[in-house]
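The values are calculated or read from the model by the stated rules, or taken from the named source; none is laboratory data. A quick note: this is a predicted structure, and the numbers were derived from the prediction, not measured. FYI the Cβ positions are ideal-geometry reconstructions off the backbone, even for glycines, and counts take in every protein chain you see. Surface accessibility is based on the protein's heavy atoms, side chains included, excluding ligands, DNA and RNA. Shrake-Rupley method; radii C 1.70, N 1.55, O 1.52, S 1.80 Å.
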Amino acid sequence: MTALAIVFWVCVGLLLYAHVGYGALLSLLARLRPWRAVPAPAPSAELPRISVIVAAYAEQDVIAARIDNLRALDYPTERLEVIVASDGSPDATAEQARSAGADLVLELPRGGKIRAQDAGVERASGEIVAFSDANVSWERDALKQLIAPFADPSVGYVCGDVRLVGQRGDNQEGLYWRYEMALRALESRVRSVTGGNGAIYATRREAYLVVDPIMGHDLSFPFKMVKHGWRAVYAPAARASEKMVPTLEGEFARKRRMMGHTWPIVVRGGMLSPRGYDPLYALMIVSHRILRYLSPFLHLIVLATSIALLGHSWVYAAALVCQVAVLIAALAARVVPIRPLLIARYYVLTTASLAAGLWDWLAHGTPAGWDPAEGTR
(Lines give C-alpha, C1' and ligand atoms only; values in the text may rest on other atoms or scores of the structure.)
Protein backbone atom coordinates (compact mmCIF):
# COMPACT_ATOMS: atom_id res chain seq x y z
CA MET A 1 0.00 0.00 0.00
CA THR A 2 1.38 3.37 -1.02
CA ALA A 3 1.83 6.31 1.33
CA LEU A 4 -1.08 8.12 -0.39
CA ALA A 5 -3.35 5.13 0.16
CA ILE A 6 -2.40 5.00 3.83
CA VAL A 7 -3.22 8.70 4.21
CA PHE A 8 -6.57 8.14 2.45
CA TRP A 9 -7.60 5.25 4.68
CA VAL A 10 -6.43 6.93 7.89
CA CYS A 11 -8.46 10.05 7.13
CA VAL A 12 -11.54 8.03 6.12
CA GLY A 13 -11.22 6.02 9.31
CA LEU A 14 -10.91 9.15 11.47
CA LEU A 15 -14.00 10.71 9.87
CA LEU A 16 -16.07 7.56 10.34
CA TYR A 17 -14.88 7.21 13.92
CA ALA A 18 -15.61 10.86 14.76
CA HIS A 19 -19.14 10.77 13.36
CA VAL A 20 -20.26 7.19 14.08
CA GLY A 21 -17.62 5.12 15.85
CA TYR A 22 -17.30 7.37 18.89
CA GLY A 23 -20.98 7.05 19.68
CA ALA A 24 -20.73 3.26 19.36
CA LEU A 25 -17.69 3.22 21.66
CA LEU A 26 -19.50 5.34 24.27
CA SER A 27 -22.48 2.98 24.16
CA LEU A 28 -20.16 0.04 24.81
CA LEU A 29 -18.33 1.82 27.65
CA ALA A 30 -21.64 2.83 29.23
CA ARG A 31 -22.65 -0.84 29.31
CA LEU A 32 -19.32 -1.95 30.76
CA ARG A 33 -18.87 0.77 33.38
CA PRO A 34 -21.11 0.83 36.45
CA TRP A 35 -23.79 3.53 36.39
CA ARG A 36 -22.74 6.52 38.49
CA ALA A 37 -26.12 7.39 39.92
CA VAL A 38 -26.70 10.85 41.36
CA PRO A 39 -27.52 10.55 45.07
CA ALA A 40 -30.95 11.92 45.88
CA PRO A 41 -31.00 14.76 48.43
CA ALA A 42 -32.59 13.97 51.76
CA PRO A 43 -36.35 14.74 51.78
CA SER A 44 -35.89 17.18 54.62
CA ALA A 45 -32.86 18.88 53.08
CA GLU A 46 -33.27 22.59 52.48
CA LEU A 47 -32.98 23.59 48.86
CA PRO A 48 -29.83 25.64 48.18
CA ARG A 49 -29.96 29.32 47.36
CA ILE A 50 -29.58 29.75 43.61
CA SER A 51 -28.59 32.81 41.62
CA VAL A 52 -29.69 32.64 37.97
CA ILE A 53 -27.65 35.00 35.81
CA VAL A 54 -28.88 36.17 32.42
CA ALA A 55 -26.28 38.00 30.36
CA ALA A 56 -28.11 40.18 27.86
CA TYR A 57 -27.25 42.43 24.96
CA ALA A 58 -30.06 44.24 23.10
CA GLU A 59 -32.73 41.91 24.48
CA GLN A 60 -35.52 44.38 25.27
CA ASP A 61 -38.06 42.32 23.32
CA VAL A 62 -37.52 39.06 25.24
CA ILE A 63 -35.99 39.85 28.64
CA ALA A 64 -39.33 40.35 30.44
CA ALA A 65 -40.56 36.95 29.24
CA ARG A 66 -37.28 35.37 30.41
CA ILE A 67 -37.73 36.81 33.92
CA ASP A 68 -41.42 35.84 34.04
CA ASN A 69 -40.43 32.29 33.12
CA LEU A 70 -37.81 32.15 35.90
CA ARG A 71 -40.30 33.53 38.44
CA ALA A 72 -42.77 30.79 37.48
CA LEU A 73 -40.31 27.96 38.24
CA ASP A 74 -41.16 25.39 40.88
CA TYR A 75 -38.58 26.73 43.32
CA PRO A 76 -38.98 28.72 46.55
CA THR A 77 -38.92 32.40 45.62
CA GLU A 78 -36.96 33.32 48.75
CA ARG A 79 -34.16 30.99 47.63
CA LEU A 80 -34.02 32.15 44.02
CA GLU A 81 -32.17 35.27 42.94
CA VAL A 82 -32.55 36.56 39.37
CA ILE A 83 -29.70 38.71 38.05
CA VAL A 84 -29.66 40.38 34.64
CA ALA A 85 -26.25 41.57 33.47
CA SER A 86 -26.80 44.02 30.63
CA ASP A 87 -23.67 44.08 28.48
CA GLY A 88 -23.77 47.67 27.27
CA SER A 89 -27.22 47.18 25.73
CA PRO A 90 -28.12 50.10 23.44
CA ASP A 91 -31.85 49.62 24.04
CA ALA A 92 -34.21 49.32 27.02
CA THR A 93 -33.01 45.89 28.16
CA ALA A 94 -32.10 47.09 31.67
CA GLU A 95 -35.34 49.03 32.16
CA GLN A 96 -37.44 46.10 30.96
CA ALA A 97 -35.57 43.76 33.31
CA ARG A 98 -36.25 45.99 36.31
CA SER A 99 -39.92 46.34 35.41
CA ALA A 100 -40.23 42.57 35.06
CA GLY A 101 -38.94 42.03 38.61
CA ALA A 102 -35.28 41.02 38.36
CA ASP A 103 -33.65 41.10 41.80
CA LEU A 104 -30.54 42.78 40.46
CA VAL A 105 -29.89 44.51 37.14
CA LEU A 106 -26.29 45.36 36.28
CA GLU A 107 -25.71 47.98 33.61
CA LEU A 108 -22.21 47.25 32.39
CA PRO A 109 -19.99 48.70 29.67
CA ARG A 110 -19.75 46.47 26.62
CA GLY A 111 -17.25 43.77 27.48
CA GLY A 112 -18.80 40.59 26.10
CA LYS A 113 -20.96 37.84 27.50
CA ILE A 114 -18.27 36.24 29.65
CA ARG A 115 -17.38 39.43 31.50
CA ALA A 116 -21.08 40.15 32.02
CA GLN A 117 -21.47 36.70 33.57
CA ASP A 118 -18.38 37.26 35.72
CA ALA A 119 -19.91 40.50 37.02
CA GLY A 120 -23.13 38.67 37.82
CA VAL A 121 -21.28 35.98 39.76
CA GLU A 122 -19.38 38.61 41.76
CA ARG A 123 -22.69 40.08 42.96
CA ALA A 124 -24.54 36.77 43.33
CA SER A 125 -25.59 35.52 46.77
CA GLY A 126 -26.35 31.92 45.78
CA GLU A 127 -24.21 28.92 46.65
CA ILE A 128 -24.97 27.67 43.15
CA VAL A 129 -24.89 29.98 40.12
CA ALA A 130 -26.99 29.06 37.11
CA PHE A 131 -26.91 30.64 33.67
CA SER A 132 -29.36 31.17 30.87
CA ASP A 133 -29.61 33.00 27.59
CA ALA A 134 -32.25 35.71 27.28
CA ASN A 135 -34.30 33.98 24.57
CA VAL A 136 -34.72 30.67 26.42
CA SER A 137 -37.67 29.18 28.29
CA TRP A 138 -37.21 26.65 31.11
CA GLU A 139 -39.74 24.00 32.06
CA ARG A 140 -41.30 24.49 35.47
CA ASP A 141 -39.16 21.88 37.27
CA ALA A 142 -35.99 22.63 35.28
CA LEU A 143 -34.10 24.33 38.11
CA LYS A 144 -34.72 21.53 40.60
CA GLN A 145 -33.62 18.99 38.01
CA LEU A 146 -30.57 21.08 37.13
CA ILE A 147 -29.26 21.28 40.68
CA ALA A 148 -30.07 17.67 41.64
CA PRO A 149 -26.65 16.30 40.51
CA PHE A 150 -24.92 18.64 42.96
CA ALA A 151 -25.98 16.20 45.68
CA ASP A 152 -22.84 14.38 44.50
CA PRO A 153 -19.94 16.37 46.01
CA SER A 154 -17.71 15.51 43.05
CA VAL A 155 -19.96 17.38 40.59
CA GLY A 156 -18.94 20.94 39.83
CA TYR A 157 -20.83 21.64 36.59
CA VAL A 158 -24.23 20.57 35.26
CA CYS A 159 -25.81 21.35 31.91
CA GLY A 160 -29.41 20.66 30.99
CA ASP A 161 -31.24 19.57 27.87
CA VAL A 162 -32.13 22.06 25.13
CA ARG A 163 -35.00 21.50 22.71
CA LEU A 164 -34.80 23.52 19.51
CA VAL A 165 -38.20 24.83 18.45
CA GLY A 166 -39.73 26.86 15.65
CA GLN A 167 -38.34 24.99 12.64
CA ARG A 168 -40.16 26.93 9.93
CA GLY A 169 -37.19 27.27 7.58
CA ASP A 170 -34.72 24.84 6.02
CA ASN A 171 -32.28 24.47 8.94
CA GLN A 172 -31.58 20.84 9.89
CA GLU A 173 -29.87 21.62 13.20
CA GLY A 174 -32.56 19.78 15.18
CA LEU A 175 -31.48 16.44 13.70
CA TYR A 176 -27.84 16.99 14.65
CA TRP A 177 -28.73 18.36 18.07
CA ARG A 178 -30.68 15.25 19.05
CA TYR A 179 -27.60 13.16 18.24
CA GLU A 180 -25.41 15.57 20.20
CA MET A 181 -27.68 15.26 23.25
CA ALA A 182 -27.48 11.46 23.04
CA LEU A 183 -23.67 11.65 23.00
CA ARG A 184 -23.74 14.04 25.95
CA ALA A 185 -25.87 11.64 27.98
CA LEU A 186 -23.42 8.81 27.31
CA GLU A 187 -20.39 10.97 28.14
CA SER A 188 -21.99 11.99 31.42
CA ARG A 189 -22.63 8.38 32.31
CA VAL A 190 -19.12 7.22 31.39
CA ARG A 191 -17.03 10.11 32.78
CA SER A 192 -17.87 13.79 32.13
CA VAL A 193 -19.32 15.78 29.25
CA THR A 194 -16.91 17.44 26.83
CA GLY A 195 -19.19 20.38 26.01
CA GLY A 196 -22.22 22.22 27.34
CA ASN A 197 -24.70 24.83 26.17
CA GLY A 198 -25.59 28.40 27.07
CA ALA A 199 -29.32 27.84 27.50
CA ILE A 200 -29.28 26.02 30.84
CA TYR A 201 -26.27 25.18 33.02
CA ALA A 202 -24.98 25.72 36.55
CA THR A 203 -21.83 25.50 38.64
CA ARG A 204 -21.03 25.50 42.30
CA ARG A 205 -20.02 29.00 43.30
CA GLU A 206 -16.70 27.64 44.51
CA ALA A 207 -16.10 25.88 41.18
CA TYR A 208 -16.83 28.88 38.95
CA LEU A 209 -13.93 29.73 36.67
CA VAL A 210 -12.93 33.10 35.23
CA VAL A 211 -11.84 32.48 31.63
CA ASP A 212 -10.64 34.59 28.73
CA PRO A 213 -13.56 36.76 27.52
CA ILE A 214 -13.42 35.28 24.00
CA MET A 215 -13.55 31.71 25.34
CA GLY A 216 -17.17 30.86 26.13
CA HIS A 217 -18.33 28.71 29.01
CA ASP A 218 -20.02 26.14 26.75
CA LEU A 219 -16.75 24.54 25.71
CA SER A 220 -14.20 25.80 28.21
CA PHE A 221 -16.03 24.96 31.45
CA PRO A 222 -16.46 21.16 31.14
CA PHE A 223 -12.86 20.24 30.41
CA LYS A 224 -11.47 22.86 32.79
CA MET A 225 -13.75 21.53 35.55
CA VAL A 226 -12.29 18.07 34.97
CA LYS A 227 -8.77 19.49 35.15
CA HIS A 228 -9.69 21.06 38.51
CA GLY A 229 -10.90 17.72 39.89
CA TRP A 230 -14.67 18.13 39.35
CA ARG A 231 -17.12 16.12 37.29
CA ALA A 232 -19.10 17.87 34.55
CA VAL A 233 -22.43 16.13 33.98
CA TYR A 234 -25.61 16.30 31.94
CA ALA A 235 -29.08 16.46 33.51
CA PRO A 236 -31.53 15.46 30.72
CA ALA A 237 -34.59 16.16 32.89
CA ALA A 238 -33.58 19.84 33.21
CA ARG A 239 -35.27 20.97 30.03
CA ALA A 240 -35.16 24.28 28.20
CA SER A 241 -36.39 25.35 24.79
CA GLU A 242 -34.84 27.82 22.37
CA LYS A 243 -35.73 29.08 18.92
CA MET A 244 -33.65 27.63 16.14
CA VAL A 245 -32.03 29.78 13.47
CA PRO A 246 -34.50 29.34 10.60
CA THR A 247 -32.15 29.15 7.61
CA LEU A 248 -29.14 27.03 6.77
CA GLU A 249 -27.21 30.15 5.81
CA GLY A 250 -28.05 31.65 9.21
CA GLU A 251 -26.89 28.45 10.91
CA PHE A 252 -23.63 28.60 8.97
CA ALA A 253 -23.08 32.18 10.18
CA ARG A 254 -23.92 31.20 13.78
CA LYS A 255 -21.55 28.24 13.79
CA ARG A 256 -18.83 30.25 12.08
CA ARG A 257 -19.08 32.84 14.85
CA MET A 258 -19.04 30.10 17.50
CA MET A 259 -15.95 28.50 15.97
CA GLY A 260 -14.21 31.85 16.12
CA HIS A 261 -14.52 31.46 19.89
CA THR A 262 -13.83 27.71 19.86
CA TRP A 263 -10.47 27.62 18.09
CA PRO A 264 -8.74 29.83 20.71
CA ILE A 265 -9.92 27.37 23.38
CA VAL A 266 -8.54 24.44 21.40
CA VAL A 267 -5.22 26.01 20.43
CA ARG A 268 -4.27 28.07 23.48
CA GLY A 269 -7.02 27.57 26.05
CA GLY A 270 -5.73 24.31 27.50
CA MET A 271 -7.90 21.77 25.70
CA LEU A 272 -4.95 20.19 23.89
CA SER A 273 -2.87 19.91 27.06
CA PRO A 274 -3.17 16.42 28.59
CA ARG A 275 -2.33 17.78 32.02
CA GLY A 276 -5.25 17.10 34.37
CA TYR A 277 -6.92 14.53 32.09
CA ASP A 278 -7.23 10.85 32.87
CA PRO A 279 -6.75 8.59 29.81
CA LEU A 280 -10.49 8.03 29.30
CA TYR A 281 -11.41 11.71 29.32
CA ALA A 282 -8.44 12.51 27.07
CA LEU A 283 -9.82 9.99 24.57
CA MET A 284 -13.25 11.63 24.80
CA ILE A 285 -11.81 15.09 24.15
CA VAL A 286 -9.89 13.87 21.10
CA SER A 287 -12.85 11.88 19.77
CA HIS A 288 -15.69 14.35 20.28
CA ARG A 289 -13.89 17.68 20.00
CA ILE A 290 -10.53 17.59 18.24
CA LEU A 291 -11.46 15.18 15.45
CA ARG A 292 -14.81 16.91 14.94
CA TYR A 293 -13.10 20.28 14.52
CA LEU A 294 -10.53 18.79 12.14
CA SER A 295 -13.20 17.21 9.92
CA PRO A 296 -13.13 19.83 7.11
CA PHE A 297 -9.40 19.29 6.67
CA LEU A 298 -9.79 15.51 6.79
CA HIS A 299 -12.46 15.80 4.08
CA LEU A 300 -10.13 17.85 1.87
CA ILE A 301 -7.36 15.27 2.29
CA VAL A 302 -9.74 12.43 1.41
CA LEU A 303 -10.90 14.34 -1.68
CA ALA A 304 -7.35 15.07 -2.84
CA THR A 305 -6.05 11.54 -2.23
CA SER A 306 -9.06 9.88 -3.85
CA ILE A 307 -8.41 11.96 -7.00
CA ALA A 308 -4.69 11.13 -6.90
CA LEU A 309 -5.42 7.41 -6.49
CA LEU A 310 -7.92 7.12 -9.34
CA GLY A 311 -7.13 4.04 -11.41
CA HIS A 312 -5.58 2.12 -8.52
CA SER A 313 -8.85 0.67 -7.25
CA TRP A 314 -12.59 1.07 -7.69
CA VAL A 315 -12.72 2.10 -4.02
CA TYR A 316 -11.10 5.46 -4.73
CA ALA A 317 -13.42 6.13 -7.66
CA ALA A 318 -16.41 5.28 -5.45
CA ALA A 319 -15.10 7.58 -2.72
CA LEU A 320 -14.74 10.44 -5.19
CA VAL A 321 -18.23 9.86 -6.59
CA CYS A 322 -19.72 9.91 -3.09
CA GLN A 323 -17.99 13.17 -2.19
CA VAL A 324 -19.00 14.88 -5.43
CA ALA A 325 -22.57 13.61 -5.00
CA VAL A 326 -22.82 15.18 -1.54
CA LEU A 327 -21.55 18.51 -2.88
CA ILE A 328 -24.01 18.41 -5.79
CA ALA A 329 -26.83 17.53 -3.40
CA ALA A 330 -25.88 20.48 -1.20
CA LEU A 331 -26.04 22.81 -4.20
CA ALA A 332 -29.29 21.29 -5.47
CA ALA A 333 -30.97 21.94 -2.11
CA ARG A 334 -31.15 25.63 -3.04
CA VAL A 335 -33.45 24.70 -5.93
CA VAL A 336 -35.16 21.54 -4.65
CA PRO A 337 -35.42 21.89 -0.85
CA ILE A 338 -36.30 18.29 0.01
CA ARG A 339 -35.10 16.70 3.25
CA PRO A 340 -32.22 14.50 1.93
CA LEU A 341 -30.74 17.40 -0.05
CA LEU A 342 -31.18 19.79 2.88
CA ILE A 343 -29.33 17.36 5.16
CA ALA A 344 -26.46 17.25 2.66
CA ARG A 345 -26.40 21.04 2.52
CA TYR A 346 -26.49 21.27 6.32
CA TYR A 347 -23.54 18.88 6.60
CA VAL A 348 -21.46 20.73 3.99
CA LEU A 349 -22.14 24.19 5.43
CA THR A 350 -21.61 23.24 9.07
CA THR A 351 -18.41 21.40 8.21
CA ALA A 352 -17.21 24.41 6.25
CA SER A 353 -18.06 26.67 9.20
CA LEU A 354 -15.38 24.92 11.27
CA ALA A 355 -12.68 26.00 8.84
CA ALA A 356 -14.24 29.44 8.32
CA GLY A 357 -14.18 30.09 12.06
CA LEU A 358 -10.49 29.19 12.18
CA TRP A 359 -9.78 31.60 9.32
CA ASP A 360 -11.70 34.39 11.05
CA TRP A 361 -9.76 33.93 14.28
CA LEU A 362 -6.36 33.76 12.60
CA ALA A 363 -7.04 36.62 10.19
CA HIS A 364 -9.04 39.03 12.31
CA GLY A 365 -9.07 37.83 15.91
CA THR A 366 -12.24 37.15 17.89
CA PRO A 367 -14.25 39.93 19.53
CA ALA A 368 -15.62 39.33 23.02
CA GLY A 369 -18.99 40.89 22.18
CA TRP A 370 -21.85 39.14 20.44
CA ASP A 371 -25.14 39.89 18.73
CA PRO A 372 -28.35 37.82 18.89
CA ALA A 373 -28.45 35.16 16.16
CA GLU A 374 -30.77 35.75 13.21
CA GLY A 375 -34.38 34.68 13.78
CA THR A 376 -33.93 33.40 17.34
CA ARG A 377 -35.81 36.17 19.16
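Quick look at the numbers
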| read-out | value |
| --- | --- |
| Nearest 10 degrees, 0 to 90: helix 248-268 Cα axis against the chain principal axis | 80 degrees |
| Cα centroid separation - the range 274-297 against the range 41-103, whole Å | 35 Å |
| Of Val165, Trp177, Asn135, farthest towards positive along the dipole that unit charges on Lys, Arg, Asp, Glu beta carbons give the range 42-185 | Trp177 |
| Residue-normalised accessible area of the chain, given per residue in Å² at a 1.4 Å probe | 44 Å² |
| For the chain, calculated [θ]222 nm from helices alone, where every DSSP H run of n ≥ 4 adds -39500 (n - 2.57) | -15000 deg cm²/dmol |
| For the chain, share of DSSP beta bridges that run antiparallel, in % to the nearest 5 | 25 percent |
| Packing-based order for 75-83, 317-325, using average beta carbon neighbours within 10 Å, highest first | 75-83, 317-325 |
| Dipole-positive endmost among Ser273, Tyr347, Cys322 within the range 253-377 (Cβ charges, Cα centre) | Tyr347 |
| Within the accessible area of the chain (1.4 Å probe), percent carbon and sulfur | 63 percent |
| Mean Cβ neighbour count within 10 Å, used as a protection proxy, ranking 234-240, 46-52 highest first | 234-240, 46-52 |
| Reported label for calculated Cα extents along the principal axes in Å given (1) 73, 47, 35; (2) 106, 87, 44; (3) 55, 51, 42 | (1) |
| Rounded tilt (10° steps) of 339-364 against the dominant C-alpha axis of the chain | 80 degrees |
| Percentage relative contact order, the range 65-159, counting C-alpha pairs under 8 Å, at least six apart | 33 percent |
| Three-way shape call for the range 1-141 based on the alpha-carbon gyration tensor, with the a/c threshold at 1.5 | oblate |
| Cβ charges +1 (Lys, Arg) and -1 (Asp, Glu), total dipole of the chain, debye | 1100 debye |
| Shape of the range 296-377, Cα gyration tensor, a/c cut at 1.5 | oblate |
| Lysine pairs with alpha-carbon atoms under 26 Å apart, the chain, spacing 8 or more or separate chains | 9 |
| Gyration tensor verdict on the range 240-377 (Cα atoms; rounded if a/c is under 1.5, prolate if a/b is larger than b/c, oblate otherwise) | oblate |
| Sequence-distant residues sharing a close amide H with Ile200 (under 5 Å, placed H) | Gly160 |
| Rounded tilt (10° steps) of 22-32 against the dominant C-alpha axis of the chain | 60 degrees |
| Exposure ranking of Glu206, Glu242 by accessible area [1.4 Å probe, largest first] | Glu206, Glu242 |
| Options Ser188, His217, Ser287, ranked by Cα towards positive dipole end of the chain, top entry (Cβ charges) | Ser287 |
